[in-house]
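Notes follow the structure.
The values are calculated or read from the model by the stated rules, or taken from the named source; none is laboratory data. Bear in mind that the values here come from a model prediction, so they are computed numbers and not experimental data. All Cβ positions, glycine included, derive from the backbone under ideal geometry; neighbour counts span all protein chains shown.
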């Protein structure tokens, strides 16, 4: 005689129901989602909203006059131009550094790998003072460059670009490095066995794999550079219309108690940076899709 299960015995969940049910390692999804939205609202949305609300207290004529004066436009050109050039330089040389750290073994590799993170740990003011001491007219490097090549680095736009390149390098290296470590070397060996040259292998196999992460590192370096202040003000010289960056101009407005003018310039920087990052993300998505089709 077969045993009869009690009515309260738990029934097994059908396979289809188990297949449709979402699997979560940690419980409390609703609570976690609510906390995430609250935290992002408190840290990101409210400050940005306050920035725009303060700007809305200005008339359109006052806003346009504040954000398009000759001095402000010169600071825009220097800030965004130097940030783009510095991020582009880091995209090239950061990729080379990541490639060397991943693909080669040599003495002192761990030390160089740790040295890449120095701009992360070093206070920005210390970085600015160090770069100024090295590249000024009487500095170790600046004396040679200015005396031999006739190029002045400190207190010029070139010094600004140098500082922004310095602080942006780790973003590219640390973004590209894990992708190179996970890349399948069998594909490179297969391309070489089929007669592909080194350049062809790099262009058709390696570069499409690394391109999305390289664009991400470029975007992070650019975003970091546009808001940099501490490492730039010392080596820039802060000469109006020549080497004055936009963050410094915003600080100057705040010191003059022109809060509306400072927030207006900050809004322009925020919008331009967002549009450029959006374009880079779209390009990154296109690169991923193109790589997936191949």
*asked:* Just to be sure before I move on: is residue 187 closer than 28 Å to residue 101 by Cβ and out of contact with any strand residue (DSSP E or B) (no Cβ under 8 Å at 6 or more places or on another chain) in the structure I sent?
replied: yes
*Selected residue (only one of 243, 231 is crowded, with 23+ Cβ neighbours inside 10 Å, in a loop (DSSP other than H, G, I, E, B) and either at pLDDT below 90 or not assigned by TED's automatic domain parsing to the domain that holds residue 95 (or both))*: 243
*Looking at residue 59, is it closer than 17 Å to residue 268 by Cα and either in contact with a helix residue (DSSP H, G or I) (Cβ under 8 Å, 6 or more places away or on another chain) or free of Cβ contacts under 8 Å to residues at least 24 places away in the same chain (or both)?*
yes
*asked:* Take the conditions assigned by TED's automatic domain parsing to the domain that holds residue 281 and closer than 30 Å to residue 270 by Cβ and apply them to residue 149. Does it pass?
replied: no
*How about the range 96-191: which helices (runs of 4 or more DSSP H) wholly inside it have at least 3 residues that are surrounded by 18 or more Cβ atoms within 10 Å (Cβ to Cβ)?*
124-135, 157-182
*For residues in the range 53-63 being exposed (fewer than 13 other Cβ atoms within 10 Å of the Cβ) and assigned to a helix (DSSP H, G or I), which is nearest to the chain's Cα centre (by Cα)?*
53
*Only one residue in 208, 212, 240 is in contact with a helix residue (DSSP H, G or I) (Cβ under 6 Å, 6 or more places away or on another chain) and within 21 Å of residue 116 (Cβ to Cβ), so which one is that?*
212
